[in-house]
Amino acid sequence: MSNSVSVRAQVSAAEWQARVDLAAAYRLVAHFGWDDLVFTHISARVPGEEGHFLINPYGWLFDEITASSLVKIDLAGRKVMDSPHPVNPAGFTIHSAIHAARPDAHCVMHTHSLNGVAVSAQKDGVLPISQQATIVLASLAYHDYEGIALRDDEKPRLVADFGDRIFLMLRNHGLLTVGATPADAFLAMYVFEAACMIQVRALAGGGELVKVHPQIIAGVQAAAAAVTKGLGGALAWPGLLRRLDRLDPSFRD
């Protein structure tokens, strides 16, 4: 608790709220079983600080992350605020590319979920076979696998492939979403993961699949925005935080 008090005293109220929300996003990813031990990341811009971001202390499980344990770094992955916790600059490669190219991408969430990786290995990618899939397909991009993402020369290709979309399927690798807040990125990932889970189960069933008509998919983006307030997480986020508070409120420390 003393560490949380110390960190909170050093940052703005806006940054502390961003820390709480980002820690909550880590806990929720773990709660829903999308984490891969310590091997993916969720990053968020620090409000009011150009070029500064928050990321997990490397080596911590997602269900251990707290607001005060998050590490503040720059676009090169270097610490810009004292922290006893290590960071993984190589793990920030994908995130830094997107943050640099997309001012709207305040939060970048990347997972290696089993369902997501399974669909990313399928040649046709996301199939239009569920309502969740139609939402994803309305703003989906693909990026081919180039090995473990450690090289800066991959960044321009990844950024070009992603464009201005919300959902990115990293072939043979996993899923990625962006949002204006951790809540937005989380809701997008929830829909993305659901679409992949449904697809894996539907294909396993072995029967002929019914596909949604392309004209319907074309109209889904506007409809989804109306239902979810711009595909944002504002509607679901307070309830998700209440769930975390019931399970373990230590993410707020």
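Data for the structure
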read-out	value
Some residue of the stretch 65-84 being in a helix (DSSP H, G or I) and surrounded by 16 or more Cβ atoms within 10 Å (Cβ to Cβ)	no
Members of the stretch 119-144 that are at pLDDT 95 or above and part of a loop (DSSP other than H, G, I, E, B)	Ala121, Gln122, Lys123, Asp124, Gly125, Val126, Leu127, Pro128, Ile129, Ser130, Asp144
Unique match (being closer than 25 Å to Ala18 by Cβ and surrounded by fewer than 16 Cβ atoms within 10 Å (Cβ to Cβ)) among Asp124, Asp104	Asp104
Extreme residue, modelled with the lowest pLDDT, among residues of the stretch 217-242 that are within 26 Å of Ala118 (Cα to Cα) and in a helix (DSSP H, G or I)	Ala224
Ser113, sole failed condition from (1) in contact (Cβ under 8 Å) with a residue 24 or more places away in the chain; (2) out of contact with any helix residue (DSSP H, G or I) (no Cβ under 9 Å at 6 or more places or on another chain); (3) buried (at least 20 other Cβ atoms within 10 Å of the Cβ)	(2)
Some residue of the stretch 179-196 being touching a residue at least 12 places away in the same chain (Cβ under 8 Å), assigned to a loop (DSSP other than H, G, I, E, B) and in contact with a Cys (Cβ under 8 Å, 6 or more places away or on another chain)	yes
Among residues of the stretch 40-74, those that are among the aliphatic types (A, V, I, L, M) and under 14 Å from His106 (Cβ atoms), counted	5
Out of Leu54, Leu70, Leu75, sole residue that is in contact with a Gly (Cβ under 6 Å, 6 or more places away or on another chain), touching a residue at least 24 places away in the same chain (Cβ under 8 Å) and within 22 Å of Ile98 (Cβ to Cβ)	Leu75
Pairs, first in contact (Cβ under 8 Å) with a residue 12 or more places away in the chain and outside any strand (DSSP E or B) in the stretch 160-175, second of a type in the set (Ser, Thr, Tyr) and crowded, with 22+ Cβ neighbours inside 10 Å, C-beta under 7 Å, six or more apart	Ile166/Thr177; Arg171/Ser120; Asn172/Ser120; His173/Ser120
Residue identified as of a type in the set (Asp, Glu) and buried (at least 21 other Cβ atoms within 10 Å of the Cβ) among Asp152, Asp184	Asp184
Failed item, numbered, when Val20 is tested on (1) touching a His at 6+ places or on another chain (Cβ under 6 Å); (2) surrounded by fewer than 22 Cβ atoms within 10 Å (Cβ to Cβ)	(1)
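Yes/no matrix, rows are residues, columns are (1) touching a Lys or Arg at 6+ places or on another chain (Cβ under 9 Å); (2) under 30 Å from Cys196 (Cβ atoms); (3) modelled with pLDDT of 95 or more:
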site: Ser6; (1), (2), (3): no, no, no
site: Ala13; (1), (2), (3): no, no, yes
site: His31; (1), (2), (3): yes, yes, yes
site: Pro47; (1), (2), (3): no, no, yes
site: Leu54; (1), (2), (3): yes, yes, yes
site: Phe62; (1), (2), (3): yes, yes, yes
site: Ile65; (1), (2), (3): yes, yes, yes
site: Met81; (1), (2), (3): yes, no, yes
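The values are calculated or read from the model by the stated rules, or taken from the named source; none is laboratory data. All values reported here derive from a predicted model rather than from experimental measurement. Because the Cβ atoms are built from the backbone with ideal geometry, glycine has one as well, and the counts that use them run over all protein chains shown.
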